[in-house]
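Input: a single structure, listed below in structure tokens.
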Amino acid sequence: MGRSAALGYTMVAVAATLFAVNASVAKVIEHTGFDAQRLTEVRSTGAFAGLALIVLATRRDAIAITRRQLALVAALGIGGLALVQWSYFFAIHRLPIGEALLIQFVAPLLVALWARFAFHEPVRRRVWVALMLSLSGLVLIVELWRGKLDGAGIAVAGIACLSFAFYILVAERGARGRDPISLLAWGFLFAALFWAVVEPWWSFPGHVFGGSTSLLGHLSSLHAPLWLLAAWMIVLGSIVPFALVVAALPRIGATRTAIVSMLEPVVAILVAWAWLGESLDGVQLTGAALTLVGIGLAQTAR
């Protein structure tokens with residue numbers, strides 16, 4: 001394995017771990033009354049501000065953008081970053097973190113299917129086996145037979161899956177012709193503008209950042225300032241991991257990036273169990289294993 005590829009794998013693994021921890025951080029913030037829209041607005045705007053400062057300080061020549069690239073970053077920002085973040089936050093508010101993320105991480109399988117039917121790339125038979133494994137796993141995860149489904153949560157987790165696949169495909173294309181940091185800065189600009197229209201800033205309850213909140217679960221006796229949790233979500237839960245993923249795409253490609261990204265739901269389940277006391281029963285764990293095996297099998301066949 002070359003140094004460039006090894007660095008790419010490491011980047012995505014670190015990003016997946018940071019995203020996984022951020023799921024529990026976001027759930028604590030939502031407990032204070034923030035809805036998914038406001039949380040996404042804060043995350044998108046903060047990430048844009050941080051990335052824009054990095055671009056201005058280190059690579060001003062990367063600011064320029066063509067009309068063609070403008071359309072691509074607008075699609076990345078609204079169809080990818082804005083929607084994937086909102087649907088992710090909404091889903092983990094209604095569902096256990098592991099359940100929401102496992103539904104979202106069917107996205108790599110969709111990327112493989114897109115390659116087959118949109119780009120007409122040859123796809124092996126094992127993809128169809130992978131599809132059956134993944135769908136069977138999802139049935140076990142949501143335990144259809146128990147009738148305890150949160151329809152809205154599952155539906156929005158499905159949107160997270162679609163928008164995540166869209167984000168991977170568009171970011172891979174965008175990273176071919178732009179510096180990854182400037183690509184993300186432009187993308188988050190459009191995400192921030194989108195949410196500023198949906199949730200105008202003049203109605204934002206800014207006073208809440210002056211308070212603190214319990215960390216919930218096994219850490220309920222501890223409290224942290226809300227501004228500190230928001231800063232974690234923006235810097236270590238957004239700017240750093242998103243930059244690592246986009247920077248890794250030219251090194252190892254979308255398929256391998258998606259494979260390593262599957263560390264996120266596994267780590268998120270462990271963090272949510274250790275921190276928030278969330279758990280999956282034996283049947284759901286079996287479903288999780290089937291889903292992950294299906295996704296991994298699809299990626300090896302692309």
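At-a-glance table
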| item | result |
| --- | --- |
| Residue list for segment 26-37, filter: crowded, with 20+ Cβ neighbours inside 10 Å and either without any contact (Cβ under 8 Å) to a residue 40 or more places away in the chain or part of a helix (DSSP H, G or I) (or both) | 26, 27, 28, 29, 36 |
| Cβ pairs under 6 Å, 6+ apart, first in segment 90-110 and touching a residue at least 12 places away in the same chain (Cβ under 8 Å) and open to solvent by less than 10 Å² (accessible area, probe 1.4 Å), second of a type in the set (Lys, Arg) and assigned to a helix (DSSP H, G or I) | 92/27 |
| Residue check, residue 42 β-branched (Val, Ile, Thr), touching a helix residue (DSSP H, G or I) at 6+ places or on another chain (Cβ under 8 Å), modelled with pLDDT under 90 and part of a helix (DSSP H, G or I) | no |
| Residue check, residue 215 open to solvent by less than 40 Å² (accessible area, probe 1.4 Å) and touching a His at 6+ places or on another chain (Cβ under 9 Å) | yes |
| Flag if residue 73 is of a type in the set (Val, Ile, Thr), over 20 Å from residue 161 (Cα atoms) and buried (at least 16 other Cβ atoms within 10 Å of the Cβ) | no |
| First in segment 253-273 and within 20 Å of residue 174 (Cα to Cα), second anywhere and buried (at least 22 other Cβ atoms within 10 Å of the Cβ) and among the charged types (D, E, K, R), Cβ under 8 Å, 6 or more apart | 255/302 |
| Residue satisfying all of: in segment 177-208; within 22 Å of residue 51 (Cα to Cα) and either in contact with a His (Cβ under 7 Å, 6 or more places away or on another chain) or aromatic (Phe, Trp, Tyr) (or both); surrounded by the fewest Cβ atoms within 10 Å (Cβ to Cβ) among these | 201 |
| Residue 258 vs. criteria open to solvent by less than 40 Å² (accessible area, probe 1.4 Å) and within 24 Å of residue 111 (Cα to Cα) | yes |
| Candidates 278, 264 - the one that is open to solvent by 30 Å² or more (accessible area, probe 1.4 Å), within 22 Å of the chain's Cα centre (by Cα) and not small (Gly, Ala, Ser) | 278 |
| Qualifying residue in segment 195-216 (condition: under 19 Å from residue 163 (Cβ atoms) and free of Cβ contacts under 8 Å to residues at least 60 places away in the same chain) | yes |
| Filtered residues of segment 223-279 (kept if out of contact with any Gly (no Cβ under 9 Å at 6 or more places or on another chain) and outside any helix (DSSP H, G or I)) | 223, 224 |
| Some residue of segment 47-60 being closer than 25 Å to residue 16 by Cβ, among the aromatic types (Phe, Trp, Tyr) and open to solvent by less than 10 Å² (accessible area, probe 1.4 Å) | no |
| Count of segment 75-118 residues which are farther than 14 Å from residue 20 by Cα and among the polar types (S, T, N, Q) | 1 |
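The values are calculated or read from the model by the stated rules, or taken from the named source; none is laboratory data. What you are looking at is a predicted structure, and each value in this text was computed from that prediction instead of being measured. Every residue, glycine among them, receives a Cβ derived from its backbone with ideal geometry; neighbour counts consider all protein chains shown. We work out accessible area using only protein heavy atoms, side chains counted, and drop any ligands, DNA or RNA first. Shrake-Rupley method; radii C 1.70, N 1.55, O 1.52, S 1.80 Å.
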